[in-house]
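Student: Below are the structure tokens for one structure; questions will follow.
The values are calculated or read from the model by the stated rules, or taken from the named source; none is laboratory data. This is a predicted model, so every value here is computed, not measured. We place every Cβ from the backbone using ideal geometry, glycine too, and count neighbours over all the protein chains shown. Areas reflect the complete protein model, heavy atoms only, side chains present, ligands, DNA and RNA absent. Shrake-Rupley method; radii C 1.70, N 1.55, O 1.52, S 1.80 Å.
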Amino acid sequence: QLKQELAVQYSQAGRKEEALELLLGILRQDLNTGEAKKTFLDILATMDGDPLASRFRRHLYTLLY
């Protein structure tokens, strides 16, 4: 929970890569952490056209499938 809150703070401060790394770590441990997945997707949605977003989407899809 604390990592997730820190990730939200990172995202708001413009440190989206660090935020996504934290959330990806949470999802690797437990993919069913619904709030972490939602936060991860929300951050990705704010990054239109950013190549970093594509990279993290691939990481997420790898975890899902």
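Student: I need a count of the residues in segment 21-55 that are open to solvent by 70 Å² or more (accessible area, probe 1.4 Å), over 15 Å from SER11 (Cβ atoms) and part of a helix (DSSP H, G or I). I'd like the intermediate steps shown before the answer.
Tutor: Applying the first criterion (open to solvent by 70 Å² or more (accessible area, probe 1.4 Å)) to segment 21-55 yields 21, 28-30, 32, 35, 38, 41-42, 46, 48-49, 51, 55.
Adding the requirement that they be over 15 Å from SER11 (Cβ atoms) leaves 28-30, 32, 49, 51, 55.
Those left that are additionally part of a helix (DSSP H, G or I): 28-29, 51, 55.
Of the residues in segment 21-55, 4 are open to solvent by 70 Å² or more (accessible area, probe 1.4 Å), over 15 Å from SER11 (Cβ atoms) and part of a helix (DSSP H, G or I).
Student: A further question follows. Do we find that ALA7 is in a helix (DSSP H, G or I) and modelled with pLDDT under 90 in this structure?
Tutor: No, not satisfied.
Student: What are the pairs, 6+ residues apart or on separate chains, where a residue within segment 1-28 that is within 19 Å of ASP48 (Cβ to Cβ) has its Cβ under 6 Å from a residue that is among the hydroxyl-bearing types (Ser, Thr, Tyr) and open to solvent by 50 Å² or more (accessible area, probe 1.4 Å)?
Tutor: Listed by first residue and then by second, the contacts come to ALA19/TYR10.
Student: Tally up the residues in segment 56-65 that are without any contact (Cβ under 8 Å) to a residue 24 or more places away in the chain and surrounded by 12 or more Cβ atoms within 10 Å (Cβ to Cβ), please. Explain how you work it out, then say what you get.
Tutor: Initial filter on segment 56-65 (without any contact (Cβ under 8 Å) to a residue 24 or more places away in the chain): 57-58, 61-62, 65.
Of the ones still in play, those that are also surrounded by 12 or more Cβ atoms within 10 Å (Cβ to Cβ) are 57.
Of the residues in that region, 1 qualify.
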